[in-house]
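Engineer: Mind having a look at this structure? Questions to follow.
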Amino acid sequence: MKIRTFWRHIKEGFKSIGRNGWMSFAAVSAVSITLLLVGSLIGIVSNINNFATDIENDVSVRVYIDLAATDEIQDDLADQLVALDSVEDVTFSSRESELDNVKGSYGDTFDLFEGDRNPLHDVFIVDTTSPEITAEVAQEIEGMDYVSDVNYGGADADKLFQMTSTIRNVGGIIIGALLFTAVFLISNTIRITIFSRSTEIEIMKLVGATNWFIRWPFLIEGALIGFVGAVIPSVVLWFLYDTIFGTVSGFLSGTTFALLPPDPFMYQLLLGLMAIGVTIGAVGSAFSMRRFLTA
Amino acid sequence: MIELKNVKKVYDNGITAVHNMNVRIEQGEFVYVVGPSGAGKSTFMRMIYREVLPTEGTIQVADFDIVNLKRKDIPHLRRQVGVVFQDFKLLQTLTVFENVAYAMEVLEKSPKQIEVRVKEVLKLVGLEQKAKMLPNELSGGEQQRVAIARAIANMPRVLIADEPTGNLDPETSKGIMNIIEQINQQGTTIIMATHNADIVNERKHRVLVIEDGRIARDEEQGGYNFED
Ligand SMILES: Nc1ncnc2c1ncn2[C@@H]1O[C@H](COP(=O)(O)OP(=O)(O)O)[C@@H](O)[C@H]1O
Ligand SMILES: [Mg+2]
């Protein structure tokens with residue numbers, strides 16, 4: 001393609017968008033809403049995934065001590081734990097400090113559980129030598145006397161991975177439906193353009209313009225609608241994620257968890273959204289061309 | 001240069017517009033196509049630029065085998081065949097110059113080439129003074145001249161004109177005929193359907209009479225006579 005022709009196609013694409021102002025606006029809006037949801041969902045799923053990976057790599061096992069255990073029994077249990085081969089370190093966390101932790105994350109609502117009403121257990125936090133054997137160690141500890149419950153990262157990670165996959169599936173269906181709507185709206189817009197330019201198209205065909213010469217402006221128009229439709233949610237998601245990242249990072253400081261840092265995560269996400277936008281635009285326009293520009 | 005052998009056209013609705021037609025037209029000929037309405041004149045001409053595919057038979061136009069022509073080669077055929085219609089089909093938002101230039105732009109000709117050639121054809125049709133006007137500022141005859149200029153801008157070997165004077169008064173029609181004959185004198189084959197008896201009788205050329213989808217008569221220097 002000659003450069004002159006390239007610019008001509010771009011110009012024609014822009015002109016069409018202007019000419020069908022309202023239809024273009026509707027199509028751009030549909031793409032924007034779709035991509036805002038797509039982007040949010042990708043952001044949520046990616047972060048849950050990241051959380052789950054963090055948890056999986058967390059090598060500690062939380063051993064909840066039976067409320068009936070006396071101090072001596074607790075000491076005895078601690079000795080048993082330390083004696084295990086793959087245990088590196090055992091620390092004690094009293095029910096009071098556990099409650100303080102909870103209050104730290106959820107706020108003063110938990111004040112009413114102060115003192116004797118504290119429903120929590122004393123806890124031994126057992127660090128294992130490597131993440132792979134955490135599950136095995138946890139199982140072993142579970143069989144010991146005066147152990148009320150055992151909890152380790154892997155279990156939570158499984159739950160999170162499961163949640164991620166549920167969100168992904170439900171989200172996938174919703175996004176699929178939205179993408180379909182967006183493609184349909186774009187293809188409708190292009191169809192109107194094709195109709196409004198039917199004399200031009202007829203003349204181009206009569207004088208022997210190639211099919212691709214005729215098609216390019218419509219493809220570009222569709223891609224442009226998709227692109228502009230991607231820019232709006234990109235800007236929104238950028239500010240939104242920046243804000244969330246700033247706020248949540250404060251809460252998470254000192255834990256092993258962290259949100260994915262905006263750089264590079266946001267760049268990747270926004271680039272992805274642009275690509276999706278341009279693709280559905282081009283697909284939408286190819287769709288109407290197949291029906292109205294053949295032969 | 002154009003040859004139809006045993007050509008038949010049945011439209012999707014079952015109407016047979018052309019029956020077993022055999023015609024041969026040499027490069028540089030001027031051929032009138034006459035006959036009653038619905039006889040198949042337009043169908044005959046549309047098959048030449050492959051707007052319509054024949055149902056049976058073969059059609060050769062220059063080097064193109066119309067029946068077996070690949071879709072991607074259609075544009076190349078169209079560059080050899082200029083077409084004008086009764087209703088001009090001009091782009092209303094473009095000036096006279098732009099309308100003609102448009103036909104060259106879509107074939108990716110250079111601006112320089114376009115500038116030179118458009119001026120040349122506008123001069124040929126006598127519209128160089130009105131190059132900057134819009135179609136709706138022109139008379140019918142002038143609009144048809146723009147359409148002719150556009151049809152020959154890319155120097156096709158054949159010019160097909162389907163009732164080009166159908167909407168024009170006799171005086172204006174004469175002007176159009178002068179231009180078409182001039183184009184013919186430059187070597188372009190002309191195939192022109194018309195209902196204008198005066199033109200056919202005054203400016204003698206080969207006449208193909210089509211009746212009921214068949215060639216009823218084919219006469220060198222013929223006149224306009226057939227049973228309506
Ligand atoms: N696109 C079409 N679909 C179906 N029938 C058509 C079509 N075009 C023309 N016909 C029919 O074919 C016959 C010949 O039409 P046409 O070639 O236009 O004749 P003419 O140009 O001599 O008036 C007519 O009966 C007409 O109704
Ligand atoms: Mg006709």
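The values are calculated or read from the model by the stated rules, or taken from the named source; none is laboratory data. As the structure is a computational prediction, the values presented were derived from the model and not from experiment. Here the Cβ positions follow ideal geometry from the backbone for every residue, glycine too, while neighbour counts run over all protein chains shown.
Engineer: Give just the number: which of (1) under 30 Å from A:Gly143 (Cα atoms); (2) without any contact (Cβ under 8 Å) to a residue 60 or more places away in the chain does A:Val126 not satisfy?
Structural biologist: (2)
Engineer: Does the stretch A:134-175 hold any residues that are within 31 Å of the chain's Cα centre (by Cα) and β-branched (Val, Ile, Thr), and which are they?
Structural biologist: A:Thr134, A:Val150, A:Thr164, A:Thr166, A:Ile167, A:Val170, A:Ile173, A:Ile174, A:Ile175
Engineer: In the stretch A:228-250, which residues are under 30 Å from A:Gly104 (Cα atoms) and out of contact with any Gly (no Cβ under 9 Å at 6 or more places or on another chain)?
Structural biologist: Within the stretch A:228-250, A:Trp238, A:Phe239, A:Asp242, A:Thr243, A:Phe245, A:Gly246, A:Thr247, A:Val248, A:Ser249, A:Gly250 meet the criteria.
Engineer: Another question, then. Considering the stretch B:160-176 alone, what residues qualify as being surrounded by fewer than 19 Cβ atoms within 10 Å (Cβ to Cβ), more than 13 Å from ligand 2 (Cβ to nearest atom) and of a type outside the set (S, T, N, Q)?
Structural biologist: Result: B:Asp169, B:Pro170, B:Glu171, B:Lys174, B:Gly175.
Engineer: Now for a different question. With among the hydroxyl-bearing types (Ser, Thr, Tyr) and within 16 Å of ligand 1 (Cβ to nearest atom) as the only criterion, which of B:Thr43, B:Thr58, B:Thr93 stands out?
Structural biologist: Numbers: B:Thr58 fails: within 16 Å of ligand 1 (Cβ to nearest atom); B:Thr93 fails: within 16 Å of ligand 1 (Cβ to nearest atom).
One residue alone meets the criteria, B:Thr43.
Engineer: Determine whether B:Val84 is part of a strand (DSSP E or B), within 16 Å of ligand 2 (Cβ to nearest atom) and closer than 20 Å to A:Thr199 by Cα. Give the steps one after another, and end with the answer.
Structural biologist: Numbers: part of a strand (DSSP E or B): yes; within 16 Å of ligand 2 (Cβ to nearest atom): yes; closer than 20 Å to A:Thr199 by Cα: yes.
Taking the combined requirement at face value, the residue satisfies it.
Engineer: If the requirement is being more than 30 Å from A:Phe227 (Cα to Cα), more than 14 Å from every other protein chain (Cβ to nearest Cβ) and loosely packed, with under 13 Cβ neighbours inside 10 Å, which of these qualifies: A:Asp66, A:Asp71, A:Asp54?
Structural biologist: Sole residue among the options that is more than 30 Å from A:Phe227 (Cα to Cα), more than 14 Å from every other protein chain (Cβ to nearest Cβ) and loosely packed, with under 13 Cβ neighbours inside 10 Å: A:Asp71.
Engineer: Might you check whether a residue that is within 30 Å of B:Val83 (Cβ to Cβ) and assigned by TED's automatic domain parsing to the domain that holds A:Ala282 occurs anywhere in the stretch A:166-189? Even if it seems obvious, please write down each step before you answer.
Structural biologist: Quick first cut of the stretch A:166-189, residues within 30 Å of B:Val83 (Cβ to Cβ) only: none.
No - not one qualifying residue is present in the stretch A:166-189.
Engineer: Next question, about the same structure. Return only the number of the condition from (1) under 22 Å from the mean Cα position of the chain (by Cα); (2) within 14 Å of chain B (Cβ to nearest Cβ) that A:Ile44 does not satisfy.
Structural biologist: (2)
Matching residues to (1) touching a residue at least 40 places away in the same chain (Cβ under 8 Å); (2) loosely packed, with under 14 Cβ neighbours inside 10 Å; (3) away from ligand 2 (no atom under 16 Å from the Cβ):
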{"site": "B:Lys130", "(1), (2), (3)": "no, no, yes"}
{"site": "B:Val158", "(1), (2), (3)": "yes, no, yes"}
{"site": "B:Ile179", "(1), (2), (3)": "yes, no, yes"}
{"site": "B:Thr194", "(1), (2), (3)": "yes, no, no"}
{"site": "B:Arg206", "(1), (2), (3)": "yes, no, yes"}
{"site": "B:Asp212", "(1), (2), (3)": "yes, no, no"}
{"site": "B:Glu220", "(1), (2), (3)": "no, yes, yes"}
{"site": "B:Phe226", "(1), (2), (3)": "yes, no, no"}
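Engineer: Does the stretch B:13-34 include one or more residues that are within 16 Å of ligand 2 (Cβ to nearest atom), assigned to a loop (DSSP other than H, G, I, E, B) and modelled with pLDDT of 95 or more?
Structural biologist: Checked against the condition, which is being within 16 Å of ligand 2 (Cβ to nearest atom), assigned to a loop (DSSP other than H, G, I, E, B) and modelled with pLDDT of 95 or more, the stretch B:13-34 yields at least one hit.
Engineer: Can you pull out the residues in the stretch B:21-40 that are surrounded by fewer than 14 Cβ atoms within 10 Å (Cβ to Cβ) and more than 8 Å from ligand 1 (Cβ to nearest atom)?
Structural biologist: Those that are surrounded by fewer than 14 Cβ atoms within 10 Å (Cβ to Cβ) and more than 8 Å from ligand 1 (Cβ to nearest atom): B:Asn22, B:Arg24, B:Glu26, B:Gln27.
Engineer: Is at least one residue of the stretch B:189-207 polar (S, T, N, Q) and within 16 Å of ligand 1 (Cβ to nearest atom)?
Structural biologist: yes
Engineer: Sticking with this structure for a sec: May I ask you to list the residues in the stretch B:38-58 that are within 13 Å of ligand 2 (Cβ to nearest atom), within 14 Å of another protein chain (Cβ to nearest Cβ) and in a loop (DSSP other than H, G, I, E, B)?
Structural biologist: Selection gives B:Glu51, B:Val52.
Engineer: Count, please, the residues in the stretch A:198-239 that happen to be surrounded by fewer than 19 Cβ atoms within 10 Å (Cβ to Cβ) and assigned to a loop (DSSP other than H, G, I, E, B).
Structural biologist: 1
Engineer: Which condition number in (1) touching a strand residue (DSSP E or B) at 6+ places or on another chain (Cβ under 8 Å); (2) within 14 Å of chain A (Cβ to nearest Cβ); (3) touching a residue at least 60 places away in the same chain (Cβ under 8 Å) is the one that B:Glu29 fails?
Structural biologist: (2)
Engineer: With a cut-off of at least 3 residues that are more than 14 Å from chain A (Cβ to nearest Cβ) and over 21 Å from B:Val34 (Cα atoms), name the helices (runs of 4 or more DSSP H) lying wholly within the stretch B:88-202. Break it down into steps so the answer makes sense when it comes.
Structural biologist: Values: elements: B:96-105, B:111-124, B:140-152, B:170-185, B:197-202.
Counting at least 3 such residues, we get B:111-124, B:140-152.
Engineer: Also, I was wondering about something else. Of the residues B:Phe85, B:Phe64, only one is under 17 Å from B:Ile190 (Cβ atoms), surrounded by fewer than 22 Cβ atoms within 10 Å (Cβ to Cβ), within 13 Å of another protein chain (Cβ to nearest Cβ) and in contact with an Asp or Glu (Cβ under 8 Å, 6 or more places away or on another chain); which?
Structural biologist: Details: B:Phe64 fails: under 17 Å from B:Ile190 (Cβ atoms).
None of the others qualify; the one that does is B:Phe85.
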